[in-house]
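Heads up: the structure comes next, in structure tokens.
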Amino acid sequence: MRVVVQGRGGCSRPGGLARVLWAAAELTVTVGVLLLLLVVHQVWWTNRQAAAAAVRRVAALEEAWAAAPGPGPGAAAQPEASAEPSPEPSGPAPAPSPSEAGGAGGAADRPRDGAAYGVLRIPRLGVAVPVARGVDKRSVLDKGYAGHYPGTAEPGAQGNFALAGHRNTHGEPFRYVNRLRPGDELVVEVRGRRYTYTVDRILPETAPRDAGVIAPVPRSAVRPGYGYTEPGAYITLTTCTPEYSSRYRLVVWGVLAGNRSGGRGVVGTAG
């Protein structure tokens, strides 16, 4: 009788190289999934959280103002002496050095840093965003707020009321400010007072350390053809550009309605 011995054939266990390749493939897929989740968290989830919280904060401010109407801290429109900005940046655009210069009521009456005290409305974009003191990322900008640069003018006051905001992630309130055009309104509300600015000039791109854009008389130090030459009551919006990058800054300037004393300069267009 012949005894037939069958080999293991294709059922043989994979060699060491095959096991290494399989493990590397699994690791690659795992890392890819984790990176995808991180992107989803940064781009989608943080937006939802910050945007929802900002909406609730706007509603809370409006409710508080309705219950106790009247001018808020630092809301009066008297001229104020603003400090010269520092060339060092902070947040999505250059920040000035802290200043003791105060608006109406003095520094003692101002909300603390990080506290939302007003609302910026951009009708063209359908945006209503809380305005808070300071431009710290964690306590202000990452909450979906617009940050009020320290040392710049109060809303409605002579000088430059300068704001910073995220263009992408964390509520991205300034995502579409590149769509603004001269003549569009920027409305700032502070506890019973309403200040309407008119978009006047746009600087499509400048360096992150161009502190001239938030000076009391705003004028780019990098592209001096953009800006103003005379005192006035200005508003400045700053954000990063291009989208999903912090390489440059996009700047939008407006002038308080009825106060158009700014000097002539090149009128920028959105890039």
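Computed quantities for the displayed model
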{"item": "Meets criteria (closer than 18 Å to Pro130 by Cα, crowded, with 24+ Cβ neighbours inside 10 Å and charged (D, E, K, R)) for Glu154", "result": "yes"}
{"item": "Residues being in contact with a Ser or Thr (Cβ under 8 Å, 6 or more places away or on another chain) and under 21 Å from Ala54 (Cβ atoms) - total across segment 189-205", "result": "0"}
{"item": "Test result for Glu185, modelled with pLDDT under 95 and closer than 26 Å to Pro130 by Cβ", "result": "no"}
{"item": "Output for segment 233-257, where each listed residue is assigned to a loop (DSSP other than H, G, I, E, B) and either surrounded by 20 or more Cβ atoms within 10 Å (Cβ to Cβ) or charged (D, E, K, R) (or both)", "result": "Glu243, Arg247"}
{"item": "Residue match in segment 131-152 (condition: closer than 17 Å to Tyr234 by Cβ, polar (S, T, N, Q) and in a strand (DSSP E or B))", "result": "no"}
{"item": "Residue ID - nearest to Ala157 (Cα to Cα), chosen from residues in segment 213-225 that are crowded, with 21+ Cβ neighbours inside 10 Å and out of contact with any helix residue (DSSP H, G or I) (no Cβ under 8 Å at 6 or more places or on another chain)", "result": "Pro216"}
{"item": "Selected residue (criterion: surrounded by the fewest Cβ atoms within 10 Å (Cβ to Cβ)) from residues of segment 167-206 that are among the hydroxyl-bearing types (Ser, Thr, Tyr) and not in a strand (DSSP E or B)", "result": "Tyr176"}
{"item": "Number of the exception - Arg121 against (1) more than 27 Å from Gly258 (Cα to Cα); (2) over 13 Å from the mean Cα position of the chain (by Cα)", "result": "(1)"}
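The values are calculated or read from the model by the stated rules, or taken from the named source; none is laboratory data. Here the structure is a predicted model, which is why all the values come from computation and not from measurement. FYI the Cβ positions are ideal-geometry reconstructions off the backbone, even for glycines, and counts take in every protein chain you see.
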